[in-house]
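Below you'll find the structure, written out as structure tokens, and then a few comments.
No value in this document is a laboratory result; all are computed from the given coordinates. For clarity, every value in this text was computed on a predicted model and none was experimentally measured. Here the Cβ positions follow ideal geometry from the backbone for every residue, glycine too, while neighbour counts run over all protein chains shown.
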Amino acid sequence: MSLNFSTLVFLVLIVQLLNLSFLRVFCSSLSSNELKEIPSNFLRFGKQKEFFDWMVGIRRKLHENPELGYQEFKTSELIRAELDKLGVPYKHPVAVTGVVGFIGTGQPPFVALRADMDALPMQELVEWEHKSKIPGQMHACGHDAHVAMLLGAAKILQAYRKDLKGTVVLVFQPAEEGGAGAKQIVGAGALENVSAIFGIHVAPQLPIGEVAARAGPLMAGSGFFEAEISGKGGHAAIPHHSIDPILAASNVIVSLQHLVSREADPLESQVVTIGKFQGGAAFNVIPDSVTISGTFRAFSKESLMQLKQRIEEVITGQASVQRCKAIVNFFTEEKPFYSPTINHKGLHEHFQNVAGDMLGIDKVKEMAPWMGAEDFSFYQEVIPGYFFFLGMQNDKQKQLDALHSPYFEINEDALPYGAALHASLAARYILEHQVKVVLPEGIYHDHDEL
Ligand SMILES: [Zn+2]
Ligand SMILES: [Zn+2]
């Protein structure tokens, strides 16, 4: 029986059995003190040696076998094997390699927790026992840790499932790094009936035991483009017999930098970066063509679309000034634009309460928005969502390298925090958002009459 159907049956039963006259909330049977203690209890649970070693083992196995977007077959297999061991039911495949697990009653409220599974196409340069075994592929964004933390949350929640008066949906999604896996998960209907979703990202620069986020815009929307600028190749010593695409591409790049400096509102953050410039093979040859590609970022969809239009105009117009032709491709099928990541205000309060109860409110930091992009925004386009960063830096150890660095490392001591935060955000959400059950007017009884 599908989740939708069971939810529907539940709601129909309520409507049939009860007269829609006034609302009465069935509150959680836990006291407010008991609710308050959930986060620190879960953290204690996550820090137990056996539990911690199990999460570390999963993370290291994933780190040794990194897989790129939509190719996370072994990762997906490992996740399903662990869910099987925990006795957690799941749907698979969702969006090629995705796995969606369920813990709880199968009834509302539904709250989702998300982990991304993909690695990056880059060579790991950290020499250690569990270095990537796949040349040119690396978990340099911490998604191996994200999977381990969500499995950790599953283990905690499964142990407490009798107290869950609702359902936690575990979303293991493919292809965050440019492939818009979240969009596919939404398209597969995995979030139907879900009222909120939470996502974690590890943060190497943030101290361990701290978290950071903000209500409203947190991360930028982003797009990607590639342009081929063609001229006419020839001898470097006879430039007047050639049409030089290297010079044309250079002017294109300079002109593209004027979009943000001269056309964008100075009070609105935008970025245009060219990350790739490929052309030529010899010092004394003018090549036929040059390929450039880059990314553009903004905090509104309108600004993104405006940048897209102007990037195309500038590349083709500026190339033609130098007698070159240009073809611009935005690859919107393969790499859909990511919308800005905008955190729900109500969930911000929930996050502060839960994380504050676990870590102390002084460890829950307000974060400035930044120009990174996340496909978590696809979830936030359809339901309230909240994305936050989890600290990893230990003062006594060396400074961790940035996300996407070939020297990126995870401080595995952060794993219990991630698992416990996931689990407590979901458990508290469910217990604090119990379904409003409608009782019929006139036949409502006081508790002692029931
Ligand atoms: Zn990344
Ligand atoms: Zn990432």
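Data table
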item	result
Percentage relative contact order, the stretch 335-429, counting C-alpha pairs under 8 Å, at least six apart	34 percent
Under 30 Å from the Cα of Lys325 - lysines, other chains or at least 8 residues apart	Lys232, Lys276, Lys301, Lys308, Lys335
Residue-count net charge about Trp54 - beta-carbon cut-off 14 Å; Lys, Arg +1, Asp, Glu -1	+3
Residue-averaged [θ]222 nm for the chain, counting only DSSP H segments that reach four residues, each worth -39500 (n - 2.57)	-11500 deg cm²/dmol
Test item: Cα-centred dipole of the stretch 39-96, Lys/Arg +1 and Asp/Glu -1 on Cβ, debye	240 debye
Residue among Tyr386, Gln399, Ser132 farthest towards the positive dipole end of the chain, charges placed on Cβ	Ser132
Segment Asn394-Ala281, extension gain: residue separation times 0.36 nm, minus the distance between their alpha carbons	36.1 nm
Over the stretch 221-329, relative contact order from alpha-carbon pairs under 8 Å, at least 6 apart, %	43 percent
At most 16 other Cβ within 10 Å, DSSP loop - chymotrypsin sites (Phe, Trp or Tyr not before Pro), the stretch 83-147	Trp128
Ranking of Lys85, Lys325, Lys396, Lys162 by count of other Cβ atoms within 10 Å, fewest first	Lys396, Lys162, Lys85, Lys325
Members of Lys47/Lys363; Lys162/Lys363; Lys74/Lys162; Lys91/Lys345; Lys363/Lys396 lying beyond 20 Å, as alpha-carbon distances in this model show	Lys162/Lys363; Lys74/Lys162; Lys91/Lys345
Length-normalised contact order of the chain in % [C-alpha pairs under 8 Å, at least 6 apart]	26 percent
FRET efficiency, 1/(1 + (r/R0)^6) with R0 22 Å, evaluated for Ala368 and Ser195 via beta carbons	0.20
Equivalent ellipsoid semi-axes - Cα gyration tensor, the stretch 107-163, angstrom	32, 13, 6
Cβ-placed point charges (K, R +1; D, E -1), dipole of the stretch 221-329 about Cα centre in debye, nearest 20	120 debye
Degrees separating the helix 49-64 axis from the principal Cα axis of the chain, which is the longest one	30 degrees
Calculated FRET efficiency for the pair Phe331/Leu247, C-beta based, R₀ 25 Å, to 0.05	0.45
Rounded to 10°, Cα long-axis angle of helix 345-359 versus longest principal axis of the chain	70 degrees
Rounded D (µm²/s) - the chain, Kirkwood Rh over Cα pairs, Stokes-Einstein at 37 °C, 0.692 mPa s	137 µm²/s
Length released on extending from His235 to Glu127, taking residue separation times 0.36 nm less the Cα-Cα span	34.4 nm
Charged-residue dipole, Cβ positions (Lys, Arg, Asp, Glu), the chain about Cα centre, Debye nearest 20	180 debye
P(r) of the stretch 221-329 over all Cα-Cα pairs, binned every 5 Å from zero, in whole percent	2, 13, 23, 21, 16, 10, 7, 4, 2, 0
Cα centroid separation, the stretch 46-107 to the stretch 165-242 (Å)	21 Å
Total formal charge among the other residues, if their Cβ is under 15 angstrom from that of Ala281, Lys/Arg +1 and Asp/Glu -1	-2
Dipole axis of the stretch 221-329 (+1 Lys, Arg; -1 Asp, Glu on Cβ), positive-most option in Leu256, His235, Gln278	His235
Sorted by Cβ density within 10 Å, fewest first, the residues His130, His201, His344, His422	His130, His344, His201, His422
On Cα atoms only, tilt of 32-47 relative to the major axis of the chain in degrees	60 degrees
Full-stretch length increase - Glu302, Ser320 - with 0.36 nm per residue and alpha-carbon distance subtracted	3.7 nm
Protection proxy ranking of 190-198, 381-389, 148-156 - average other beta-carbon atoms within 10 Å, highest first	148-156, 190-198, 381-389
